[in-house]
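Read-outs: derived from the displayed coordinates by stated rules, not from any lab. Source: prediction; values computed, not measured. With ideal geometry, Cβ positions are generated from the backbone for all residues, glycine too; neighbour counts draw on all protein chains shown.
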Amino acid sequence: MAKTWVMGVTICLALCLTVASHHLAAQAVSGTGSAASQPADSQNDRIARLEQQVADAKGSADNAWMLSSAALVLMMTGPGLALFYGGLVRKKNVLATMMQSFAMMALVTVVWAVVGYSLSFGSGNSFIGGLHNVFLRGVGASPDADYAATIPAQTFMIYQLMFAIITPALITGAFAERMKFSAMAVFMVLWSLLVYSPMAHMVWGKGGLLNASLGGRYPTLDFAGGTVVHVTSGVSALVCALYLGKRIGYPKAPMPPHSVVLSFIGACLLWVGWFGFNAGSALSAGSLATSAFVATHFGAAAAVIGWCAAEWLRNGKPSALGAISGAVAGLVAITPAAGFVGPMAALAIGLAAGVVCYLMVAKVKSRFGYDDTLDAFGVHGAGGTIGALLTGVFASSAVNPIFKDAKGAVLPSGVIEGNGHQLLNQLVGVAIAWVLAIVVTLIILKVVDVVIGLRVSEDHEIQGLDLSQHGEEGYYWEVSA
Amino acid sequence: MTKIEAIIRTSKLDEVKDALHEIGIEGMTVLEVRGHGRQKGHTEFYRGQEYTVDLIPKTKLELVLSDALADKAVHAIMNAARTGKIGDGKIFLSRVDDVIRIRNEERGEGAL
C-alpha cells in the first residue's frame, strides 16, 4: 500500500519536472529572441527594470494594506464609536450622540483637506506644520519619503485623516446628553486645528519637537497615537465635562445605558478597526505591521481580563459592559506601544490598563463627582497616559530598532533595555499633551460659550437632544400596526 | 359582572393562560407592567455605578367575567401563578356596571 503511494508521488514529481523544464526552455528561447531584437537592452538595464518592478510590487502591497487600514480606522468612528457611545446614553439622546461622531466624519474631513493636513504634516516649525500643503497642494501619487517611502502621499494623507476624525469624536463622550449641536460643531473644528494638528505635528510631523525618527528634541515613542489621539482627547474630555457641568439629576437620578447591546456591537467593531489603527501605523505591510497587530490584540485581551477581574472582586459579577470597556481601555493603552513592544509586554500593558481604567471610572469619578458621561477621560485619558509611559518602559529595539547612533548601530529603546532616559522623554510628551489639551480646550470652550452658548436649555435637556437638536427620535413609537 | 386584574410573575403567564382556557375563558387582555409591592428590587452595576432597580417587570391580566365564572377564574389564576415565594403577585376584583360590544352595541353579560 505504502509502496504504491510512494511510486505514485514519484511519477507525479517526474511529470511535473518534465513539464517545468520544457516550459523554462521555451521561455529561454523567447528571451533570446527579444534580446536579439533589442541589442541595446543590456544586462544592467534589465536589472534596473527588475528592481523597479520589485519596488512597484512592494509599493502595491503596502498601498493595499494602507488603504484597507484607512477604511478600518474610519469604521472605528462610524459605526464603531457611534454605536458604542449611542448605546450608553439614554433613549432620548441616542441619535444626537451617534450624530456627534458621524458629524466628525464630514466636518474634520473638509477641515483636513483645506488646512488640517498641512498644519499637521506639512513642513513647519517644532510645534506646528506650515501652509505649504493647504488645499492638499503637492499631496499626490508620489510618496513623501520622510513619512512613508512606498505609498502615495495621498494614501498617507487619507490614512492620517481617519485619526483626525476619531480623536474629536472620542471627546463627545464627556459632554453627551447636554451640549448644543451647533456649539459642538464649532468647538470641534477649532479643536481639530488648535489641539490635534499641533500635537500630531509635534509627535509625527517633520522636525516636530517630540518626533522620534525625524529629529525631535525629545524623541517620544508614540506608535499610533497614545498622546496624539488618546491623551489629547481624554484630557480635553475632562475639561469639557468640568466646564459644562453635570447633567440635570446627575448623580442622583439613575441614568443607565439604554442599550448595552448597541455598545457591545460598537466595541467589537472598535476592536477590529483598531488593527487598521495600530498595525496600519507601520505604514507598510511588513513584519512591523504583524508585530503591531499581535500586540494590539494581546493588549485588548489582557485588559478585558483585568477589568472583569477587578469588577468581579468588587461587585461580585463580571459585566458585559465591563468586558467591552476593558477591551477599549486595553486598545487605548497599547496604541502608543503597538509597534515597539513584544507580545508579552503587550499582555502586561493591557492588564494594567484594564485594572487602572476600571478604578478610574468606578472609584475616582464618583469620588470627585465630575460627570464624564461616557468615561472619555477615564478610559482614553487615563489609558492613553499609562500606555504612553509604559511604552517607554517596555519598548524593545528587537521589535523596532528606532534609535541608532551616528554609525547606524542600534541603540536600546526602553527602560528595560537600559535606556532609562526614555521614560523621561515619554513624560515630556505626555505632559505637553496634557497642558496643550487643558489650556487650548479651555480657551475654545470659553469662546464658543460666549458666542453660541455650550449647553442646551433645561427644557431641551429633559426633552432629550434627539428631539430638541435634530427634530427626530431614535425609536419612533408607532401606534397603528 | 366582575373585573379581574391579576398581577403575576411574567414567567407564569403561559401556565395561567392554560388554566383559564381550561375553565372555558376565551378573552383576556395582557400587559407588560413594572411595579413593586413587598418584593425588593435588585441592584445593577454599570461601570461601577450602582443603580437600584425597584420597579420590577411583571405581567398584568385583565378579564371581565360573569360573577359565577369570576370565582373559578380567581382560583385558576391563584393555583397556576403560585410559587409560594414573595413576588407571586396580587389579584384585584371590582364590580363592572356594563359592557358594550362595539360591533353591534350589544350590552350587559351577553356582550362579554
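Take the Cα of A:K91, step 7 Å toward its Cβ, do the same at A:F181, and the gap between the two points is 2.1 nm. Highest average first, the peptides A:167-179, A:189-201 ordered by how many other beta carbon atoms sit within 10 Å of their residues are A:167-179, A:189-201. About its Cα centre, region A:44-129 has a charge dipole of approximately 520 debye under the convention of +1 per Lys or Arg Cβ and -1 per Asp or Glu Cβ, with nothing else charged. To the nearest ten degrees, helix A:287-315 and the longest principal axis of the Cα atoms of chain A are 30 degrees apart. Computed from the alpha carbon positions, the gyration tensor of region A:339-416 leads to an equivalent ellipsoid with semi-axes of 34, 12, 8 Å, biggest first.
What percent does the relative contact order of chain A come to when contacts are Cα pairs within less than 8 Å and at least six residues apart?
Numbers: 929 pairs, mean separation 92.8, N = 481.
Result for chain A is 19 percent.
Amide H to amide H distances under 5 Å link B:Y46 with B:Y51, where only residues 5 or more positions off or on other chains count and H is placed in the peptide plane. Look at the stretch A:214-227: the mean tally of other chain Cβ atoms within 10 Å of its residues' Cβ atoms is 0. Among A:C308, A:C268, A:C240, the ranking by other beta carbons within 10 Å of each residue's beta carbon, starting with the fewest, stands as A:C268, A:C308, A:C240. Here A:S457 and A:A398 are evaluated by their C-beta separation; at R0 = 35 Å the FRET efficiency comes out at 0.05. Computed over region A:48-142, the P(r) tail beyond 21 angstrom holds 57 percent of alpha carbon pairs.
Output the peptides A:388-394, A:323-329 sorted from most to least packed, where packing is the average of other Cβ atoms within 10 Å over each peptide's residues.
Descending packing order for the listed peptides: A:323-329, A:388-394.
Working from label points 7 Å from Cα in the Cα-to-Cβ sense, the A:Q43 to A:R367 distance is 7.4 nm. Rg and Dmax over the alpha-carbon atoms of the protein assembly as shown stand at 32.3, 113 Å. Cross-link partners for B:K72 among the lysines, with Cα-Cα distance under 25 Å and sequence neighbours closer than 8 places in the same chain left out: B:K3, B:K12, B:K17, B:K58, B:K60, B:K85, B:K90. If one computes P(r) from the Cα atoms of region A:268-334, what percent of pairs lie at distances over 18 Å? Distances greater than 18 Å cover 39 percent of the Cα pairs. Converting phi to 3J(HN,Hα) with the Karplus coefficients 6.51, -1.76 and 1.60 and the offset θ = phi - 60°, region A:150-167 yields 10, 10, x, 4, 5, 5, 4, 4, 6, 5, 5, 4, 4, 5, 5, 6, 6, 4 Hz in sequence order, with x at every glycine or proline. Normalised by 2.2 N^0.38 Å, where N is the number of residues, the alpha-carbon radius of gyration of region A:372-453 equals 1.53.
Taking only the Cα atoms of region A:423-481, the ratio Rg/Rh comes out at 1.32, with Rh defined as the Kirkwood radius. Across region B:83-88, coupling constants 3J(HN,Hα) worked out from phi with the 6.51/-1.76/1.60 Karplus curve, θ = phi - 60°, read 10, x, 9, 4, x, 6 Hz, and Gly and Pro carry x. With the helix formula -39500 (n - 2.57) applied to DSSP H stretches of n ≥ 4, the protein assembly as shown reaches a computed 222 nm mean residue ellipticity of -17500 deg cm²/dmol. Taking Cα atoms only, the orientation of helix A:43-75 departs from the longest principal axis of chain A by about 20 degrees.
Evaluated at q = 0.17, 0.18, 0.31, 0.32 Å⁻¹, a Debye calculation over the C-alpha positions of region A:176-230 (equal weights, vacuum) places log10 I(q)/I(0) at -0.58, -0.62, -1.12, -1.15. Under 22 Å Cα to Cα from A:K180, which lysines show up? Leave out anything in the same chain fewer than 8 places away. Straight-line reach from A:K180, under 22 Å: A:K91, A:K92, A:K246, A:K446. Taking the C-alpha atoms only, the angle from helix A:2-37 to the longest principal axis of chain A is near 80 degrees. Count Lys and Arg as plus one, Asp and Glu as minus one, and take only other residues whose Cβ is under 13 Å from that of A:R314; the net charge is then +1.
With a ≥ b ≥ c taken as the square roots of the eigenvalues of the C-alpha gyration tensor of region A:209-347, please select rounded if a/c is under 1.5 and otherwise prolate if a/b is larger than b/c or oblate if it is not?
oblate
Here the gap between A:D449 and A:K317, fully extended at 0.36 nm per residue and compared with their Cα-Cα distance, gives a gain of 43.3 nm.
Just to be sure I understand the curve: with the Debye formula and one point per C-alpha of chain B, what is log10 I(q)/I(0) at q = 0.13, 0.16, 0.20 Å⁻¹? Debye curve over Cα of chain B, log10 I(q)/I(0) at q = 0.13, 0.16, 0.20 Å⁻¹: -0.57, -0.77, -1.05. For the charge dipole of the protein assembly as shown, defined by +1 on Lys and Arg C-beta atoms and -1 on Asp and Glu C-beta atoms about the Cα centroid, which residue among A:N278, A:A382, A:L262 has the Cα displaced farthest towards the positive pole? Among A:N278, A:A382, A:L262, the one farthest towards the positive end of the dipole of the protein assembly as shown is A:A382. Label-to-label distance for B:L112 and A:V261 is 4.0 nm, based on points extended 7 Å past Cα in the beta-carbon direction.
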